[in-house]
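One structure below.
The values are calculated or read from the model by the stated rules, or taken from the named source; none is laboratory data. These figures come from a predicted structure and were not determined experimentally. Note that we place each Cβ from the backbone using ideal geometry, even for glycine, and neighbour counts take in every protein chain shown. Protein only, heavy atoms only, side chains kept; ligands, DNA and RNA dropped before computing areas. Shrake-Rupley method; radii C 1.70, N 1.55, O 1.52, S 1.80 Å.
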Amino acid sequence: MLRQFLRKWGRPPIPQIESLPASAPGLGYRVAEVYIFDTCTHRCGYCWLAESGQVLDFKQLEPFRSTEWIANVGGFFNRRTTAKSKWLLQFTGGEPLIAPNLDLLCRYLFEGGNRVAFYTALLVGRNHPGFRFLASQSSPRVDYVMASFHPEAEIDEDRYFEKIHALRDAGHRIFLRYVGHPARLHRLDELAERCAKLNICFYPTTLFSSSFPGAYTEEERDRLRHHFSSLSQFLMLEGGIDTTETKCFAGSKVIGVNLQTGDITPCISVHHPSIGNVFRDELELSRVAISCPEAGINCSCDVHYQQDIVVGFPDRARFEEQKTGFVAPRDLFGEIVRMKQAGTMFYRDSTAGIGNVKNDSRLFYTIEEVRQNYRVNRGLPGPSQVTESFKT
Ligand code: SF4
Ligand code: SF4
């Protein structure tokens, strides 16, 4: 069936695709940070998608139901794949595992020689097609699984860890990502021990909101740092690097893709310039390092350091090590101190506004609250007009 699908939708390759810049990481994979939709099975209190009710917008899944649309997306990347330059598509959202036809899209990309990675919260049943697909795959086609362990998963954490076991046993390289909300820091030691026993990477991260990371106490920062094993984690706790004077390989080694609109930007953190569009079949890659198009924002996405995108702040070697299993914590705070002494600017204060979350006091919302948020943000009066459920 897949071969018929490929035959039907196959188009000639784009001839002008070039190999990566000479300084690119050795593997020859260009990274596409693919934002697929807002829709999500979770209602995390520290997420703007839940705070705004956007997680309930199940209409955003609709395009994925069309095999022609899937073929357009897969074909866009496959036609721009060569022996020397392939793609690693990092699917994020929302919850990527609930995308209809996810298996078809990924298998098509694999046929082209490309790889994928998932940023998932794993809050789908083990029989859900998305989870079944993931469990049927493994490294290296799926480069890694960034599995967030969110507060709602803690309610039934045995089930969550059953899925982690299943994926690990299938041969996946797993990160257990744990958002470091102050109310969750008491679990860091215990979860680190559990990950060490499972031999998966324990990956605590910084809470981003309109007041964090600026609002962390020094003691809270120390507790987080005590479990970090990569420079990216330390940089995020500082809020990321101020981009006023940075040079980076966004638009060449990495691109940001919004699958709702097809728009492509140099990275997922910036909104302009447009360097292409999936549905118009256009992409203009840069050949050199660029200045940040939104100079002055904080470069606070760990992917950019993990993939050695930001000149002068490489972290790929540590990321590759983290993929292989549990890594003992490393004290890299001295490097941050040295960077500051050398003039590197980081997140300055709580008014810098990283992330859109205004109320970061909650760990998660109830379904009713999210429905209410959805109505308020759309100016909808009265009782819920949202008919979708969390069964999708
Ligand atoms: S899992 Fe939580 S943080 Fe991630 S998109 Fe869903 S609601 Fe937001
Ligand atoms: S400096 Fe960071 S945020 Fe700015 S374009 Fe480069 S990777 Fe993106």
Heavy-atom accessible area of the chain with neighbours in place, 1.4 angstrom probe: carbon+sulfur share in percent works out to 51 percent
Please name whichever of N114, H186, W48 sits farthest to the positive end of the charge dipole of the chain, dipole taken about the Cα centre and charges placed at Cβ: Lys and Arg +1, Asp and Glu -1. N114
Largest fluctuation, R177, R280, R107 only, Gaussian network model of the chain with Cα springs under 10 angstrom, belongs to R280
Accessible area in square angstrom per residue, the chain, 1.4 angstrom probe: 42 Å²
In debye to the nearest 20, the charge dipole size for the chain, taken about the Cα centre with +1 at each Lys and Arg Cβ and -1 at each Asp and Glu Cβ, equals 1300 debye
Give the residue from F149, H165, S210 lying farthest towards the positive end of the charge dipole for region 141-296; charges sit on Cβ (+1 for Lys and Arg, -1 for Asp and Glu) and the dipole is referred to the Cα centre. H165
Around E320, under 13 Å between beta carbons, what's the net of Lys plus Arg minus Asp minus Glu among the other residues? 0
Using Cα positions and a limit of under 18 Å, work out the aspartates and glutamates in reach of K247, with same-chain residues fewer than 8 apart set aside. E294, D302, D308, D315
Is there a pair in K59/K163; K86/K358; K59/K358 whose C-alpha atoms are over 31 Å apart, and which pairs would that be? K86/K358
Under 8 Å for C-alpha pairs, at least 6 residues apart: give me the relative contact order for the chain, rounded to a whole percent. 21 percent
Solvent-accessible area of D158 with every protein chain in place, 1.4 Å probe, in Å² to the nearest 10: 100 Å²
